[in-house]
Amino acid sequence: QDHELISQQLGSGSDPLDESPFVRAIQAATAFCVVRNSNMDVYSRIWCVCELMYAKQHNLYPEKTHVTGPDMFAHLQTSVLDAQATRLQDRDRILRVLLNEFDREEIDSFVHQLRTQDEPQD
C-alpha cells in the first residue's frame, strides 16, 4: 500500500516529475518547512532531496524556509548520489531529473546548508 501511495505522488513513470502531485504541491506552496530528527538524516532519502531542490527552484528558500529539529547529522558529507528510495525505480527516476536540472555539487552543498542551519531562536 505504501508503494501505491508513493507511485501516486510521483505520477506515472512516463510523466515529467514536475507534473507529479508532489511537485505541484511545492509549486503552489507559500512556505517550506524542514523538520530534522535525531533518528535519520532526512537527506539520505531522495524524495527529501527532490523536495528541497524544487523548493529552492520555486523561490521558497531562504526567506520562506523554516528549519527545525536537531542538527545531529550536520557532520555528514554525503552526496545526492548516495540518497535512497523505497523503490529503486523511483530513486533512479528522481536522480536522473535532479542531475539534469541541477549540478551535483550544487545539490550536495545545498543539502549540507540545511543540515547545518541553526534553528530559529524564539
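The values are calculated or read from the model by the stated rules, or taken from the named source; none is laboratory data. In this text, all values refer to a predicted model and were calculated from it rather than measured experimentally. Please note: Cβ atoms are built from the backbone with ideal geometry, for glycine as well, and neighbour counts cover all protein chains shown. Ligands, DNA and RNA are excluded from the accessible area calculation, which covers all protein heavy atoms including side chains. Shrake-Rupley method; radii C 1.70, N 1.55, O 1.52, S 1.80 Å.
The table below lists the values:
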{"item": "Length added when fully stretched, residue 103-residue 15, from 0.36 nm per residue minus Cα-Cα", "result": "29.5 nm"}
{"item": "With DNA, RNA and ligands ignored, accessible area of residue 58 (1.4 Å probe; Å², nearest 10)", "result": "60"}
{"item": "Model label zone, residue 113; criterion: amide N under 16 Å from point 7 Å along Cα-to-beta-carbon; scope segment 46-86", "result": "49-68, 80"}
{"item": "Degrees separating the helix 46-57 axis from the principal Cα axis of the chain, which is the longest one", "result": "80"}
{"item": "Cα-centre dipole for segment 60-122 with unit charges at Cβ (Lys and Arg positive, Asp and Glu negative), debye to 20", "result": "380"}
{"item": "Charged-residue dipole, Cβ positions (Lys, Arg, Asp, Glu), the chain about Cα centre, Debye nearest 20", "result": "160"}
